[in-house]
Amino acid sequence: MNIPQAKLLRLQFLARIVQKEIRYLGLTDQRLFPVPFTRQQVERLDEEIELSERVDAFVSRFGRLQDTVGDKLLPQYLNALGETTGPAIDNLNRAEKIGLIHSAEIWLALRDMRNQMVHEYMEDLDKRVNALNKAHEYVDTLSNDAGKILSDMASRGWVELELER
């Protein structure tokens, strides 16, 4: 399938960004979650700046990968396939139907989780701990789904994937 050069360049750019985001999220996830996150750790975030910065990096990278794939790459990819794109839920449902993502429902739940993690003012520490641990559980799902889209793009000759470093 031939796609216009401008669309191809945009897909290639987004593919490079997503590959980096997958790698960076994985590194931060490994550093932050050698064991499940605890309420005591959340209580110490004001005093333990390094831990606080790792949490911020994790939340930011989790949200960034989700946004880049769900709001940018996926619509561009579907459009390149000749699919009609629409609201995020429609795009996610289409991606699930053609086997690119595990579950549209999970992706929507991940958005809610991300929102729970980013609200610094949230005073319910147990909810914050739960959101962080749940997000950690879904890092592989998020990364694997993004990887499926990238692999399909590569199989079509649209992008070249970087080797793991």
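The values are calculated or read from the model by the stated rules, or taken from the named source; none is laboratory data. Just so it is clear, the model here is predicted, and its values are computed rather than measured. Every residue, glycine as well, gets a Cβ built from its backbone with ideal geometry; the counts of neighbours run over all protein chains shown.
General remarks:
- Criterion (of a type in the set (Asp, Glu) and loosely packed, with under 15 Cβ neighbours inside 10 Å) met by exactly one of 96, 43: 43
- Some residue of region 152-159 being touching a His at 6+ places or on another chain (Cβ under 7 Å), closer than 22 Å to residue 16 by Cα, of a type outside the set (Gly, Ala, Ser) and modelled with pLDDT of 95 or more: no
- Scan of region 113-137 for residues that are surrounded by 15 or more Cβ atoms within 10 Å (Cβ to Cβ), without any contact (Cβ under 8 Å) to a residue 24 or more places away in the chain and of a type in the set (A, V, I, L, M, F, W, C), ordered by number: 131
Let's see how each residue does on (1) at pLDDT below 95; (2) surrounded by fewer than 18 Cβ atoms within 10 Å (Cβ to Cβ):
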residue	(1), (2)
73	no, no
85	no, yes
103	no, yes
111	yes, yes
139	no, no
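- Flag: residue 56 does not match the condition of being within 18 Å of residue 146 (Cβ to Cβ), surrounded by fewer than 20 Cβ atoms within 10 Å (Cβ to Cβ) and of a type outside the set (Ser, Thr, Tyr).
- For the residues 47, 21, the requirement of being outside any helix (DSSP H, G or I) and modelled with pLDDT of 95 or more singles out 47.
- Tally, over region 101-115, of residues that are of a type outside the set (Gly, Ala, Ser) and either touching a Leu at 6+ places or on another chain (Cβ under 8 Å) or outside any helix (DSSP H, G or I) (or both): 5
- Within region 4-56, tally of residues that are in contact with a Leu (Cβ under 6 Å, 6 or more places away or on another chain) and either without any contact (Cβ under 8 Å) to a residue 40 or more places away in the chain or farther than 16 Å from residue 68 by Cα (or both): 5
- Where a residue in region 71-84 is within 17 Å of residue 155 (Cβ to Cβ) and its partner, wherever it lies, is outside any helix (DSSP H, G or I) and β-branched (Val, Ile, Thr), with Cβ under 6 Å and at least six apart: 78/85; 80/3
- Of all the residues in region 91-131, those that are aromatic (Phe, Trp, Tyr) and within 14 Å of the chain's Cα centre (by Cα) number 1.
Residue-wise test of (1) among the charged types (D, E, K, R); (2) not in a helix (DSSP H, G or I).
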residue	(1), (2)
85	no, yes
92	no, no
117	no, no
141	no, no
146	no, no
152	yes, no
